[in-house]
Amino acid sequence: MNTSAPSSRRRKGTVAALVTAAVFALGCSVGGDIVAYDLPAESARYTFEAETNGVKTVWEYTSDKPAEGDASELQPCMGDVLGNNMAACRPEPLIFLKYDLGLALDNTARAGVAHRITVVGYYQERLTAPPSVTSLRVEASFDGGQTWKAATTQAAGKNTFTVEIKHPHRSQGAEAVGLRISATDSGGNTVKQTLPTAYRLR
């Protein structure tokens, strides 16, 4: 998250990252892990990385100085909450991913068939003018990440994509499916998320 400080050259930012195994959320939260950092006032490209339980996410995004109108009265800036920085702020334009893996009640999928999942890109609600996710690439691994095969993706609505993954038979040694997802939006921001074991085969 960016905040504009009184200085014309520097501004203060606060990020609160709450990370789960497969779905990542990042935003202002008093109860989260808070990391403060300084960013130049001019527009620049940044990389943010997070990893938990083996799931790795890498964001690349463009950040610039926020305007006063970017702050929300319903969800105030962290500086407003803590009372130590009253400057304008807004979330970074990070792409987050959520999944409908189409699994059975035991969280498995059938081996030896084509399986469909849905991937949705989204942004923090406080982002006043979020970009649109324009492309999605999905790769699947059936050998613990040693090799990856591209899956077929198709746009299915705003920021939504369906993915068809061809599962090998269990007799071929496949027990689980790993996923590697890359998305790009209209602002040139990207995310790459790797789930070593997204689900198991039966």
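The values are calculated or read from the model by the stated rules, or taken from the named source; none is laboratory data. Bear in mind that the values here come from a model prediction, so they are computed numbers and not experimental data. Using ideal geometry, Cβ is built from the backbone for each residue, glycine included, and neighbour counts are taken over all protein chains shown.
Things to note:
- Tally, over segment 69-97, of residues that are under 19 Å from Ser43 (Cβ atoms), modelled with pLDDT under 65 and of a type in the set (Asp, Glu): 1
- Count - residues of segment 150-187 that are outside any loop (DSSP other than H, G, I, E, B) and either of a type outside the set (Lys, Arg) or under 21 Å from Val58 (Cβ atoms) (or both): 23
- Look at (1) hydroxyl-bearing (Ser, Thr, Tyr); (2) touching a strand residue (DSSP E or B) at 6+ places or on another chain (Cβ under 9 Å); (3) under 20 Å from Tyr199 (Cβ atoms) and you find that Thr128 fails only one, number (3).
- Condition check for Leu101: more than 30 Å from Arg45 (Cα to Cα), of a type outside the set (Ser, Thr, Tyr), outside the structural domain of Pro66 (by TED's automatic domain parsing) and crowded, with 16+ Cβ neighbours inside 10 Å: yes
- Residues that are touching a residue at least 60 places away in the same chain (Cβ under 8 Å) and loosely packed, with under 15 Cβ neighbours inside 10 Å within segment 109-124 comprise just one, Arg110.
- Close pairs from segment 184-202: first surrounded by fewer than 17 Cβ atoms within 10 Å (Cβ to Cβ), partner not in a strand (DSSP E or B), Cβ under 6 Å, at least 6 apart: Ser186/Pro131; Ser186/Ser132; Gly187/Pro93; Gly187/Pro131; Pro196/Gly54; Pro196/Gly145
- Qualifying residue in segment 139-146 (condition: in contact with a His (Cβ under 6 Å, 6 or more places away or on another chain), crowded, with 16+ Cβ neighbours inside 10 Å and not in a loop (DSSP other than H, G, I, E, B)): no
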